[in-house]
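S.K.: The structure is given below, and queries will be raised subsequently.
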């Protein structure tokens, strides 16, 4: 009997918890507060983006391309020749 009451109490508290959480989540007050906070964040982002300092780019012509001429004269080896040669 005590075991069944304990289970009933557990299920009842879980149901109440989910009910109150859902009630608060879907309330108009929560929707208004979340909308206001999103608008405030967007305003802050706009204000910060207007005050940003734009830096001059110093990365022009930073990559130097080098041609490797020695690769053209590379000796081609075959697998069996490498095994047979002890050099």
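None of the figures in this text is laboratory data; all of them are computed from the coordinates on show. Just so we're clear, the structure is a prediction, and the values are computed from it rather than from any experiment.
S.K.: Given a 10 angstrom Cα cut-off, can you work out which residue in 47, 61, 30 is the most mobile in a GNM of the chain?
M.R.: 61
S.K.: Next question. Relative to the longest principal Cα axis of the chain, at what angle does helix 2-25 sit, 0 to 90 degrees, rounded to 10?
M.R.: 70
S.K.: Any chance you could give the angle, 0 to 90 degrees and rounded to 10, that helix 28-50 forms with the longest Cα principal axis of the chain?
M.R.: Orientation of helix 28-50: about 30 degrees from the principal axis.
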